[in-house]
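The values are calculated or read from the model by the stated rules, or taken from the named source; none is laboratory data. Keep in mind it's a predicted model, so treat the numbers as computed, not measured. Cβ placement follows ideal geometry from the backbone for every residue including glycine, while neighbour counts extend to all protein chains displayed.
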Amino acid sequence: MILLDSLYINIGGGKILLDYLVEELESRNLNVFYLFDKRCEGEYLNIPSTRKKFLKANIINRYSFYKKNRFKFKSVLCFGNVPPPIKIGHTSKIFTYFHQPLFIGDGDMNNLLSRIFIYAKTSYINIVKNNTDYWLIQNSRIKSGLVRKYKIPQSSIKIVPFFQPLPLSTKSKIEKSFSYISMAPPHKNHIRLIKAWEFLNEKGIRPTLHLTVPEDCVQIIDLINQAKLKGVRIINHGYINRKEVSDILNSTQYLVFPSLAESFGLPLVEAIEAGCNVIAADLDYTFQVIEPSYTFDPNSSKSIADAVIYSLNNELKPSKAKVKNEINELINLLK
């Protein structure tokens, strides 16, 4: 039996990848047991209760589960960046899918609580890092980070990117429209992006920006509302599903992507699939997965605004994807 441990995964890009992986595993009729985060309870109704368990994500609950079931599984995929809390099954293959760039030091975290959380998490990963046989990652930049931060042998790291194709959309492109598909933790850089749109508005340049910031991100929602009162054209769609992502990307001309840290940057690939020109942060993660149409300094709102102006006034080269979907290879590793 295969164990898919997805504790700590409940929102954002990680959840999108999890849903896709579960869908693919189920379509192949493999014998899989799922350990889901309790915040996902009420989902995955097609999976019988005998093959799934929902747990509150914490070290104690996870340790108890692994101690009770340590010899039950022939292969294990820990999908939430953290290896098992204990050594399990002498003949088991243990994989850890690592997709959080903040845990290798990417991104500039000014928030004290965020820095404390990241320090605690990375310290724990260092403690349990020898409980996994292989680390599965999405690009060579994350591989370098694992080697540098945790002294992981390169032979234990496999690059296996995967992503779900977008649903079909009947939407048509609207000129001078931009989108940024992202939740709103600090490293996603919404504050500088909104400020850039305020700069543009002050110059009489008013392209529309589509955002997907959930309503519980109070600080960013307040900034959006304040900008709109100044006449800035921002449409916030809140938390959206995959079909809505496809509709937004297929109806906007550009993706603007100012994130300070990404393990993969799924919207970069999705935007190209939807025919967008991508203007993105001039950071390594961008060039790992795509050839952007134009870049900017993500630490400067002025640079973001200047890139938007250039994009509106010049014919950009088409953006190109550099990666392919390796979901089949990932699943073959688990068999």
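Values for this structure:
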{"quantity": "Only listed residue being over 18 Å from the mean Cα position of the chain (by Cα) and touching a residue at least 12 places away in the same chain (Cβ under 8 Å), chosen from 255, 223", "calculated": "223"}
{"quantity": "Verdict on residue 88 being more than 27 Å from residue 42 (Cα to Cα), of a type outside the set (Lys, Arg) and touching a residue at least 24 places away in the same chain (Cβ under 8 Å)", "calculated": "yes"}
{"quantity": "Filter result for the condition that a residue is under 23 Å from residue 264 (Cα atoms), touching a residue at least 40 places away in the same chain (Cβ under 8 Å), in a helix (DSSP H, G or I) and not aliphatic (A, V, I, L, M), over 103, 95", "calculated": "103"}
{"quantity": "Selected residue (criterion: farthest from residue 244 (Cα to Cα)) from residues of region 1-53 that are among the basic types (Lys, Arg) and under 21 Å from the mean Cα position of the chain (by Cα)", "calculated": "38"}
{"quantity": "Residues that are assigned to a helix (DSSP H, G or I), in contact (Cβ under 8 Å) with a residue 40 or more places away in the chain and surrounded by 13 or more Cβ atoms within 10 Å (Cβ to Cβ), drawn from region 122-145", "calculated": "124, 125, 128, 129, 131, 141, 142, 145"}
{"quantity": "Flag for residue 268 being surrounded by 17 or more Cβ atoms within 10 Å (Cβ to Cβ) and among the aliphatic types (A, V, I, L, M)", "calculated": "yes"}
{"quantity": "Pair list, Cβ < 6 Å and 6+ apart or interchain, from region 261-277 residues that are in contact (Cβ under 8 Å) with a residue 12 or more places away in the chain and in the same structural domain as residue 292 (by TED's automatic domain parsing) to residues that are among the polar types (S, T, N, Q) and in a helix (DSSP H, G or I)", "calculated": "274/250"}
{"quantity": "Test: residue in region 99-110 that is over 21 Å from the mean Cα position of the chain (by Cα) and not assigned by TED's automatic domain parsing to the domain that holds residue 264", "calculated": "no"}
{"quantity": "Subset of region 325-335 [in a loop (DSSP other than H, G, I, E, B) and of a type in the set (Asp, Glu)]", "calculated": "326"}
{"quantity": "Subset of region 187-218 [assigned to a helix (DSSP H, G or I) and without any contact (Cβ under 8 Å) to a residue 12 or more places away in the chain]", "calculated": "202, 218"}
{"quantity": "Among residues of region 280-300, those that are in contact (Cβ under 8 Å) with a residue 24 or more places away in the chain and farther than 22 Å from residue 101 by Cβ, counted", "calculated": "1"}
{"quantity": "Close pairs from region 1-14: first under 19 Å from residue 332 (Cβ atoms), partner at pLDDT 95 or above and among the hydroxyl-bearing types (Ser, Thr, Tyr), Cβ under 7 Å, at least 6 apart", "calculated": "2/75; 4/34"}
{"quantity": "Residue match in region 229-249 (condition: crowded, with 16+ Cβ neighbours inside 10 Å, basic (Lys, Arg) and at pLDDT 95 or above)", "calculated": "yes"}
{"quantity": "Condition met for residue 158 (surrounded by fewer than 22 Cβ atoms within 10 Å (Cβ to Cβ) and over 30 Å from residue 97 (Cβ atoms))", "calculated": "no"}
{"quantity": "Members of region 67-78 that are more than 12 Å from residue 132 (Cβ to Cβ) and crowded, with 19+ Cβ neighbours inside 10 Å", "calculated": "73"}
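Table: residues versus (1) crowded, with 22+ Cβ neighbours inside 10 Å; (2) modelled with pLDDT of 95 or more; (3) over 21 Å from the mean Cα position of the chain (by Cα); (4) not assigned by TED's automatic domain parsing to the domain that holds residue 207.
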site	(1), (2), (3), (4)
284	no, no, no, no
296	yes, yes, no, no
300	no, yes, yes, no
303	no, yes, yes, no
307	yes, yes, yes, no
314	no, yes, yes, no
